[in-house]
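J.: Pasting a structure here, questions to come.
The values are calculated or read from the model by the stated rules, or taken from the named source; none is laboratory data. All values reported here derive from a predicted model rather than from experimental measurement. Reconstructed Cβ throughout: ideal geometry from the backbone, glycine too, with neighbour counts over all protein chains shown.
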Amino acid sequence: MDAAVLDVLVPILYIVAFALFIYGLMGLTGPKTAVRGNKIAAVGMLIAVVATLLRVHHNWILIVVGLVVGAALGVPSARQVKMTAMPQMVALFNGVGGGAVALIAWSEFRTSGGFLDTATYVVVASLFAAIVGSVSFWGSLIAFGKLQEILPGRPMGLGRAQQAVNVLLLVAAVVCAVVAGLGGASELWIVLVLLLAAVLGVMVVLPIGGADMPVVISLLNALTGLSAAAAGLALDNTAMIVAGMIVGASGSILTNQMAVAMNRTIPAIVAGGFGGTGVAASDDGVERTVKSTSASDAAIQMAYASQVIVVPGYGMAVAQAQHAVKDMAKLLEAKGVEVKYAIHPVAGRMPGHMNVLLAEADVAYDALKEMDEINDEFARTDVTLVIGANDVTNPAARNDPSSPIHGMPILNVDESRTVIVLKRSMNSGFAGIDNPLFYAERTSMLFGDAKKSVMEVTEELKAL
């Protein structure tokens with residue numbers, strides 16, 4: 001195709017592509033339009049890829065091999081992943097994006113002969129992308145390892161020296177980047193930038209405990225977006241700039257919202273040390289007992305209730321109980337019981353984890369209530385059914401100043417007339433903190449696999 005035509009066509013295609021990105025993102029604001037929004041954004045990405053390929057005049061074989069390998073790895077993984085593994089899949093795919101950006105920065109250094117005769121803004125953008133992309137890639141791998149339980153979920157770090165080491169690593173990476181940017185043509189400098197940033201990414205995420213992992217995933221996602229935008233600036237790729245800024249901006253907003261929902265600051269989360277510590281909030285030497293209940297008793301209590309609130313957590317995801325919960329709720333509603341779902345912003349292992357699970361089971365979106373919307377209703381609720389949600393229902397956050405989660409906004413399930421908690425055992429949640437709710441006078445424990453327990457309750461409801 002004629003070069004003059006391409007100079008006009010490619011920018012137009014990029015404009016169409018990022019317009020579709022933005023329009024598709026608007027569709028993600030609700031479950032009814034989310035699938036369509038994803039498809040629209042995917043079409044935009046296809047157009048952006050085609051536009052980029054139109055600018056390529058060599059290495060076609062390498063490009064085709066890359067596309068085939070990527071599709072062969074990505075498509076089966078995305079189609080076969082279980083909902084319980086979705087958070088670590090998100091972390092892994094996000095990390096791959098950051099790694100790709102870091103490699104692009106390395107490639108720019110090599111093709112320009114060490115940034116010789118290169119515009120300043122391209123140098124700065126490339127080095128920023130190298131540092132942030134590498135941090136995002138290696139940090140995401142650690143997050144994946146924690147979520148996949150390859151690595152312990154508890155904080156692992158250097159104690160008080162941790163932050164000093166992190167600062168030194170960041171300063172060293174920036175110094176090497178400055179040397180590389182000022183004409184340090186030796187490839188050693190850009191390699192050092194990538195290696196130091198890699199160690200920094202590992203050292204930042206390792207000390208962060210499991211309770212903060214949803215925020216970490218969101219933060220790493222934002223970093224990947226910002227690094228991609230910087231790489232797009234260096235490559236003069238409009239679609240990449242816009243897509244990266246959308247991801248970076250939305251990820252930053254979401255990260256801040258989730259930090260506020262936990263009553264924690266982002267620097268405090270990055271500082272690490274919280275979650276998975278094994279600290280028992282009620283470990284004061286007092287022997288406590290729990291009340292166990294049966295599926296039959298739980299069914300009777302809910303069948304004669306005016307309102308039931310279901311509080312889903314990671315336990316529901318592990319048991320894949322969302323469809324069973326929907327069937328149970330349908331029976332209760334047929335008996336005149338109003339059923340609602342209380343969604344905590346950080347329930348599960350990634351942002352919106354519970355919303356995705358329940359949407360998969362075709363639970364009505366109007367029945368899903370955010371924490372601020374539902375908290376006042378617990379005091380008027382006959383039965384609250386907690387399915388594997390530990391930390392977001394822990395009253396120690398409200399009542400115990402010595403608790404590591406004190407001040408974190410929680411779902412006020414303990415104000416309900418009756419609380420039924422579905423758990424496999426008395427093990428603590430991902431934060432590693434005991435939950436006094438389990439020993440409360442109004443609480444009964446229904447032990448066992450959540451899906452099996454819900455199905456047993458459903459069978460009992462049919463008999464009533």
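J.: Can F144 be described as under 30 Å from A347 (Cα atoms), among the aromatic types (F, W, Y) and in contact (Cβ under 8 Å) with a residue 60 or more places away in the chain? Explain how you work it out, then say what you get.
T.: Working: under 30 Å from A347 (Cα atoms): yes; among the aromatic types (F, W, Y): yes; in contact (Cβ under 8 Å) with a residue 60 or more places away in the chain: no.
Considered against the rule, which asks whether it is under 30 Å from A347 (Cα atoms), among the aromatic types (F, W, Y) and in contact (Cβ under 8 Å) with a residue 60 or more places away in the chain, F144 comes out as no.
J.: Which one is nearest to G313 (Cα to Cα) among residues in the stretch 323-357 that are β-branched (V, I, T) and outside any strand (DSSP E or B)?
T.: The extreme case among them is V346.
J.: Among the numbered criteria (1) surrounded by 13 or more Cβ atoms within 10 Å (Cβ to Cβ); (2) over 24 Å from the mean Cα position of the chain (by Cα); (3) over 24 Å from V50 (Cβ atoms), which single criterion is violated by M89?
T.: Among (1) surrounded by 13 or more Cβ atoms within 10 Å (Cβ to Cβ); (2) over 24 Å from the mean Cα position of the chain (by Cα); (3) over 24 Å from V50 (Cβ atoms), M89 violates only (2).
J.: Here's another thing I want to ask about it. For the condition touching a helix residue (DSSP H, G or I) at 6+ places or on another chain (Cβ under 8 Å) and under 16 Å from A268 (Cα atoms), what is the one hit in G157, G139, G153, G232?
T.: G157
J.: Right, next: Quick check on the stretch 359-377: of everything there that is more than 20 Å from the chain's Cα centre (by Cα) and among the acidic types (D, E), which residue is surrounded by the most Cβ atoms within 10 Å (Cβ to Cβ)?
T.: E377
J.: Here is a check on your reading of the model: is A228 surrounded by fewer than 24 Cβ atoms within 10 Å (Cβ to Cβ) and under 19 Å from L92 (Cβ atoms)?
T.: Values: surrounded by fewer than 24 Cβ atoms within 10 Å (Cβ to Cβ): no; under 19 Å from L92 (Cβ atoms): yes.
No; evaluated as a whole, the condition is false for this residue.
J.: Something else: Report yes if V101 is touching a residue at least 24 places away in the same chain (Cβ under 8 Å), buried (at least 18 other Cβ atoms within 10 Å of the Cβ) and β-branched (V, I, T), otherwise no.
T.: Against the criterion (touching a residue at least 24 places away in the same chain (Cβ under 8 Å), buried (at least 18 other Cβ atoms within 10 Å of the Cβ) and β-branched (V, I, T)), V101 qualifies.
J.: List the residue pairs whose Cβ atoms are under 6 Å apart, where the first residue sits in the stretch 324-353 and is under 17 Å from F378 (Cβ atoms), the second is assigned to a loop (DSSP other than H, G, I, E, B), and the two are 6 or more positions apart or on different chains.
T.: The qualifying pairs are V337/A305; A342/L411; H344/L411; A347/G313; A347/A389.
J.: Moving on. Tell me the residue from V216, V174 that is assigned to a helix (DSSP H, G or I), surrounded by fewer than 17 Cβ atoms within 10 Å (Cβ to Cβ) and of a type in the set (A, V, I, L, M), please. I'd like the intermediate steps shown before the answer.
T.: Details: V216 fails: surrounded by fewer than 17 Cβ atoms within 10 Å (Cβ to Cβ).
So the residue among V216, V174 that is assigned to a helix (DSSP H, G or I), surrounded by fewer than 17 Cβ atoms within 10 Å (Cβ to Cβ) and of a type in the set (A, V, I, L, M) is V174.
J.: Kindly provide the set of residues from the stretch 106-162 that are assigned to a helix (DSSP H, G or I) and hydroxyl-bearing (S, T, Y), ordered by number.
T.: S107, T111, T120, Y121, S126, S134, S136, S140 - these are the residues of the stretch 106-162 that are assigned to a helix (DSSP H, G or I) and hydroxyl-bearing (S, T, Y).
J.: Now, a different point. Every residue in the stretch 234-260 that is of a type in the set (A, V, I, L, M, F, W, C) and surrounded by fewer than 21 Cβ atoms within 10 Å (Cβ to Cβ), please. Lay out the reasoning, then the answer.
T.: Of the residues in the stretch 234-260, the ones of a type in the set (A, V, I, L, M, F, W, C) are 234-235, 239-243, 245-247, 249, 253-254, 258-260.
Across the stretch 234-260, the qualifying residues are L235, M245, I246, A249, I253, L254, V260.
J.: Take the residues in the stretch 358-382 that are in a helix (DSSP H, G or I) and hydrophobic (A, V, I, L, M, F, W, C), then tell me which one is modelled with the lowest pLDDT.
T.: A359
J.: For the stretch 289-307, how many residues meet the condition of being in contact with a Leu (Cβ under 6 Å, 6 or more places away or on another chain) and not hydrophobic (A, V, I, L, M, F, W, C)?
T.: 1
J.: Can I ask one more? Name, by its number, the condition in (1) over 18 Å from the mean Cα position of the chain (by Cα); (2) of a type outside the set (G, A, S); (3) at pLDDT 90 or above that does not hold for F137.
T.: (1)
J.: Can you tell me which of G184, G153, G157, G113 is surrounded by fewer than 16 Cβ atoms within 10 Å (Cβ to Cβ) and at pLDDT below 85?
T.: G113
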